[in-house]
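Participant: Below is a structure I'd like to ask you about.
Nothing in this text is a laboratory measurement; each read-out follows from the coordinates by a stated rule. The model shown is predicted, which means the values in this text are computed figures rather than measured ones. So basically every Cβ, Gly included, is an ideal-geometry build from the backbone, and we count neighbours across all protein chains shown.
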Amino acid sequence: MAGAQDGAFRGIVTDPLGERTVKPRRDGLTMVIDKGMGLQATEGLLEIAAPYIDYWKLPFGTSSVYPVDVLRRKVSTIRAAGVSTYPGGTFLEIAHLQGQLEAFVARVAELGFDAIEVSDGTIDLTPAERREAIHIARHSGLTVLTEVGRKDPSERLSALQVHRTMLEDIAAGAERIIVEGRESGKGVGIYDAQGEIAEEELLKMVRAAGDIHRLIWEAPMKSQQQELIRRFGSNVSLGNVPPEEILALEALRRGLRADTLRYVLPERAEGGL
């Protein structure tokens with residue numbers, strides 16, 4: 001476990017919200033969503049933030065439009081920094097639609113990615129097709145993250161569907177379950193059209209999961225991150241975090257911002273921690 005802050009003020013200022021997990025960790029994971037950072041920007045972020053990033057996602061089909069040599073170097077750079085990286089789940093959905101799932105998975109591994117996301121946020125996968133995708137990916141040596149939830153807000157899943165999907169994914173070999181939130185954080189998953197947490201949807205996911213330690217909540221907005229930290233503690237796993245917000249999120253997790261520092265002030269304390 002990490003005690004106080006690890007950097008310039010270690011031994012002087014302690015983290016108000018207590019200890020943060022350190023890598024390799026089971027809890028408190030952070031997934032960054034990178035929609036097109038260049039190599040220099042990638043290296044610069046990793047230099048200062050690699051200890052706080054667990055997964056690095058190249059969302060939707062962005063990895064397809066990189067020059068291949070740049071993509072290989074980028075993936076290699078990310079992995080050398082101790083961060084797992086994978087292409088977005090929509091890209092896998094397209095490969096499935098085109099009958100190229102096995103070839104796609106093989107190419108993902110060959111390019112140097114060490115993980116993959118299996119989702120059906122836009123298309124429909126039968127439970128058998130979903131299990132097959134997980135098995136193919138695991139057979140290729142990839143860590144599998146699966147995503148639950150639909151990208152169209154009019155197609156919300158029932159609690160029973162969510163529960164069954166999570167159990168089946170874990171049984172098939174999924175390492176983590178990502179709760180859909182998109183890059184906007186609005187009108188999908190546990191969020192309403194304004195990006196606020198919809199209580200009923202949140203509770204549905206928690207009940208369905210059983211063990212929330214397996215969940216990564218997509219939470220691109222600071223207000224969403226703050227609320228999930230309030231409810232589940234500083235070591236809740238969060239995803240779809242913009243690259244420029246990684247250090248800000250880490251400070252939020254530790255109580256080094258007013259938004260979460262107030263949780264430990266007796267006269268202003270709120271429940272959840």
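Participant: How long is the gain from Glu199 to Val264 if the chain were fully straight, where each residue apart is worth 0.36 nm and the alpha carbon distance is subtracted? Intermediate values should be presented prior to the final figure.
Facilitator: Details: separation 65, 0.36 × 65 = 23.40 nm, distance 2.37 nm.
Going from the current span to full extension adds 21.0 nm.
Participant: Counting DSSP beta bridges in the chain, what percent are antiparallel, to the nearest 5?
Facilitator: Rounded to the nearest five, the antiparallel share is 10 percent.
Participant: Residues in the stretch 164-184, backbone N under 19 Å from the label point at His139 (7 Å along the Cα-to-beta-carbon vector): list them, ranges by number please.
Facilitator: From the stretch 164-184, the list is 169-175.
Participant: With 10 angstrom as the radius, rank Leu160, Leu249, Leu202 by how many other C-beta atoms surround their C-beta, starting from the fewest.
Facilitator: Details: Leu160 10, Leu249 23, Leu202 18.
Lowest count first: Leu160, Leu202, Leu249.
Participant: Kirkwood hydrodynamic radius for the stretch 30-268: how many Å is it when counted over pairs of different Cα atoms?
Facilitator: Details: mean 1/r = 0.0549 Å⁻¹.
In the stretch 30-268 this quantity evaluates to 18.2 Å.
Participant: Return the sequence-ordered ³J(HN,Hα) values of the stretch 140-148 in whole Hz as given by the Karplus equation 6.51 cos²θ - 1.76 cosθ + 1.60 applied to θ = phi - 60°, using x for Gly and Pro.
Facilitator: Working through the residues one at a time gives 8, x, 9, 6, 10, 10, 10, 10, 10 Hz.
Participant: Nearest 500 deg cm²/dmol is fine: what mean residue ellipticity at 222 nm does the chain get from its DSSP H runs of n ≥ 4 alone, each adding -39,500 (n - 2.57), divided by its residue count? If you can, show how the numbers build up before the last one.
Facilitator: Details: 10 runs with 105 residues, N = 273.
Mean residue ellipticity, 222 nm, calculated: -11500 deg cm²/dmol.
Participant: Which residue, Pro242, Pro87, Pro51, has the most motion in a Gaussian network model of the chain that connects Cα atoms within less than 10 Å?
Facilitator: Answer for the Gaussian network model of the chain: Pro51.
Participant: On to the next question. Just give me a number: lysine pairs in the chain, eight or more positions apart or cross-chain, with C-alpha atoms less than 20 Å apart.
Facilitator: Lysine pairs, 8 or more places apart or on different chains, close enough: 14.
Participant: Taking 0.36 nm per residue of separation and subtracting the Cα-Cα distance, what length does fully extending Gln40 through Ser158 add? If you can, show how the numbers build up before the last one.
Facilitator: Working: separation 118, 0.36 × 118 = 42.48 nm, distance 4.37 nm.
That works out to 38.1 nm of additional length.
Participant: If you don't mind, another one. Need one number for the stretch 19-152: average projected area of the convex hull over its C-alpha atoms, nm². Provide the component values of the computation, followed by the final result.
Facilitator: Values: hull surface 34.6 nm².
Mean projected area for the stretch 19-152: 8.6 nm², to one decimal.
Participant: What's the extension gain from Glu175 to Thr122 if we count 0.36 nm per residue and subtract their Cα-Cα distance? Could the numbers behind the result be given before it?
Facilitator: Numbers: separation 53, 0.36 × 53 = 19.08 nm, distance 2.17 nm.
Extending this stretch completely gives an extra 16.9 nm.
Participant: Whole Å is fine, so just give me how far the alpha carbon centre of the stretch 202-273 lies from that of the stretch 74-141.
Facilitator: The distance from the Cα centre of the stretch 202-273 to that of the stretch 74-141 comes to 28 Å.
Participant: Using the Karplus curve 6.51 cos²θ - 1.76 cosθ + 1.60 with θ = phi - 60°, what ³J(HN,Hα) values do you get for each residue of the stretch 227-232, in whole Hz, with x for Gly and Pro?
Facilitator: So the J values, rounded to whole Hz, are 5, 5, 5, 4, 7, 10.
Participant: So what J values fall out for the stretch 79-88 if you push phi through Karplus, 6.51 cos²θ - 1.76 cosθ + 1.60 with θ = phi - 60°, rounded to Hz, Gly and Pro as x?
Facilitator: 5, 5, 8, x, 10, 7, 9, 7, x, x
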